[in-house]
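Asks: The structure that follows is given in the form of C-alpha cells.
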Amino acid sequence: MRKLTRAINQPTLLHQIIAGNAADTDLSSTDWQALVAEANGQGVAPLIYWKLSQAGKLSFLPDFARASLREAYAATWMANQKILQELELLARLFNEAGIPVVVLKGACFALTIYPDIGLRPMGDLDILVPKAKLDQAVQIAREQGYVNAVPDAAPGLNDLIGHHACLRKLESPTNLLEIHDSLVAEQFFTYAAPMGWFWEQTQPLEHAKYPNLHMLTPTAQVLFAAAHAMLQHGAQNAPLRWFYDIDQLIRVYQDKLDWDALISQARVFEWGSALSAALAQTEKLFDTPIPAPVRATLLELSDRHTELVERKHSRPATHTLIELQKISSMTSYARFRQFMALLAPGPAYMRWRYKLKNNWGLPAWYLFRWVGIFKDAIMTLISILKKSAKNL
C-alpha cells in the first residue's frame, strides 16, 4: 500500500488520475481522505470521480472516498443546472434588449470542452457585454432579483478598478453573476488590454440550447485563460482546474487554434510572460500537446510583466504584502483610491464586511480594523527583515 507522506504529493497523484496514468490507487484510508480533500480544494473532485469511473477503479476506493467524490459530482451537476437555467433566462432577456453576450470561463467550458456539465465546478456565472451596454445589462439583472454582491469600499471604486459588476440573488446568495465589460483588468491596471481584439474574436456558442449566445474563439480563450490565471490571480491562487481548462482547450480545439495569432497577440498585450508561464505549467501537469516550435517561442517571450508573473507564483507572507502586490500593478491614482478604501472603507462596506446590523458599532469596528492593519504591518516588517537577513 503506497503512502502519501507529504501534502505536496497529493496534487501529483491527482494529475496522474486526471491524465489516466494512475495505475496505483492502493492508498491508505488516511491518504484517500487527504487526496479527496485536495481534489475538492482544487475543484477537480467531480472530474476525479468521472476519471476513476471511466477507468473502472471506483470499486477499489474506500467507501467514504467513493461516496465523497460521487457527492461532489452530483452537487456540481445540480448546481450547474441551476446556473445554466439562469444563463438561459438572461440570454433571452439580453437578446430581446439587443445586448450581445459572450459566455466566459466555467459556463463556457462546461458547455463546450467537458463531456458532462457536472465535471466543471463554477461558483459564478461570467458573461461579457459591450461596455456601452453594461448599465442596461445590470438593470435587467436587477429586475430579475439581483443585487450587489459586495458594497463598494468607496464610491466609484469598482467602476475605477473593477472589470465587472458582481451581483447575487437574494434567494441564492452563493451563486454570483459577474457581468464583465472588460477582461482580466480595468484600464487602471498596468496589464489591462483593450477589448477590440476580443470582440473580433467571438463566434456562436457551440451549443444548440443557446442559439443567441457567443463564445471567444479558442485562440482568444487560451490567451484570456492564461492572463486570468497568471496575471489577475497569480499561480499562487490558481487551482488545478484552471490549468486543466487550458489543457482541454488545446486538446479539443487543436485543429482550430492559431498559434501564430496567439503568440502575436500576447506580445501586443504584453501578456507573453503570462502565456508562457501558464502553458509551461499546463504542459508540466498534463503533458499537453504543445507544438515544439511553439514551446521554443514561448521560452523567448518576455515583457514588462515578467517579474509580476514570477512574484505571483508564491503567496506573500502577510495580508499587507498581498495588497501591496495588487496595488503595485495599478496606476498612481488607482493606488491612492485603493489605499484610502483599505484604510477607511465606507459604512455600507463595513456593515457587510463585519456583518453589522446597524451603524451604532461602526467606530469600534473601524478601530478594530486599524489595529488589525497595524499588527499586520508589524508582521510584514518582521517578514521583510527575516528575508533580508537570509539573503545576506
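Asks: Give me a comma-separated list of calculated 3J(HN,Hα) values for region 70-82, in order, Karplus coefficients 6.51, -1.76, 1.60 applied at θ = phi - 60°, integers in Hz, x for any Gly or Pro.
Replies: Using θ = phi - 60°, the values come out as 5, 5, 4, 5, 4, 5, 5, 4, 5, 5, 5, 4, 5 Hz.
Asks: Does region 9-74 classify as rounded, prolate or oblate by the C-alpha gyration tensor (a ≥ b ≥ c root eigenvalues; a/c under 1.5 gives rounded; else a/b over b/c gives prolate, otherwise oblate)? Please report the intermediate quantities before stating the final value.
Replies: Details: a/c = 1.07, a/b = 1.05, b/c = 1.02.
Since a/c stays below 1.5, the shape of region 9-74 is classed as rounded.
Asks: If contacts are Cα pairs under 8 angstrom and at least 6 residues apart, what is the relative contact order of region 9-74 in percent? Don't jump to the answer; show the numbers that get you there.
Replies: On the way: 54 pairs, mean separation 24.9, N = 66.
Reported relative contact order: 38 percent.
Asks: Over all alpha-carbon pairs of region 78-311, lay out the pair-distance distribution in 5 Å bins, whole %, shortest bin first.
Replies: 1, 6, 14, 19, 20, 17, 12, 7, 3, 1, 0
Asks: Another question, then. What is the fewest-to-most order of I327, I48, I140 by other Cβ atoms lying within 10 Å of their Cβ? Before the final figure, lay out each step's value.
Replies: On the way: I327 15, I48 25, I140 18.
By the 10 Å Cβ count, ascending: I327, I140, I48.
Asks: Once the other residues with Cβ under 15 Å from the Cβ of T318 are scored (Lys, Arg +1; Asp, Glu -1), what is the net sum?
Replies: +4
Asks: Could you line up Y191, Y333, Y253 from fewest to most neighbouring Cβ atoms inside 10 Å? Write out the running numbers ahead of the final one.
Replies: Values: Y191 21, Y333 10, Y253 17.
Placing the least packed residue first, the sequence is Y333, Y253, Y191.
Asks: To continue, here is another question. Specify whether the C-alpha gyration tensor of region 82-197 places it in the rounded, prolate or oblate class, a ≥ b ≥ c being the square roots of the eigenvalues: rounded for a/c under 1.5, otherwise prolate if a/b is larger than b/c and oblate if not.
Replies: rounded
Asks: Only counting other Cβ atoms within 10 Å, I'd like M330, M340 sorted with the fewest neighbours first.
Replies: Values: M330 21, M340 13.
The fewest-first ordering by Cβ neighbours comes to M340, M330.
Asks: Follow-up. Which parts of region 80-102 would a label at K209 reach, counting a residue when its backbone N lies under 11 Å from a point 7 Å out along Cα-to-Cβ?
Replies: Under 11 Å, as judged by backbone N against the label point of K209, lie 80-89 of region 80-102.
Asks: Let me ask another. Which shape class applies to the chain: rounded if a/c is under 1.5, otherwise prolate when a/b exceeds b/c and oblate if not, where a ≥ b ≥ c are the square roots of the Cα gyration tensor eigenvalues? If you can, show how the numbers build up before the last one.
Replies: Details: a/c = 1.29, a/b = 1.14, b/c = 1.13.
It comes out rounded by the Cα gyration axes.
Asks: Turning to a different aspect of this structure: Could you give the distance between the Cα centres of region 357-379 and region 161-216, to the whole Å?
Replies: Centre-to-centre distance over Cα atoms comes out at 34 Å.
Asks: Let me ask you something else. In sequence order, what are the phi-derived ³J(HN,Hα) couplings for region 191-202 according to the Karplus relation 6.51 cos²θ - 1.76 cosθ + 1.60 with θ = phi - 60°, rounded to whole Hz, with x for glycine and proline?
Replies: Computed from phi, the couplings for region 191-202 are 9, 5, 10, x, 8, x, 5, 5, 5, 6, 9, 10 Hz.
Asks: Could you run the Karplus curve 6.51 cos²θ - 1.76 cosθ + 1.60 with θ = phi - 60° over region 234-245 and give me ³J(HN,Hα) per residue in whole Hz, x for Gly and Pro?
Replies: Karplus-based 3J(HN,Hα) across region 234-245 equals x, 4, 4, 10, 8, x, 4, 5, 5, 6, 5, 4 Hz.
Asks: For K357, go through the lysines and keep the ones whose alpha-carbon is under 30 Å away, minus same-chain ones fewer than eight residues off.
Replies: The reachable lysines, counting only those whose Cα sits under 30 Å from K357, are K169, K375.
Coordinate-derived values only; no laboratory data. Just so it is clear, the structure is predicted and the values come from calculations on it, not from any experiment. Cβ atoms come from the backbone with ideal geometry, glycine included; neighbour counts cover every protein chain shown.
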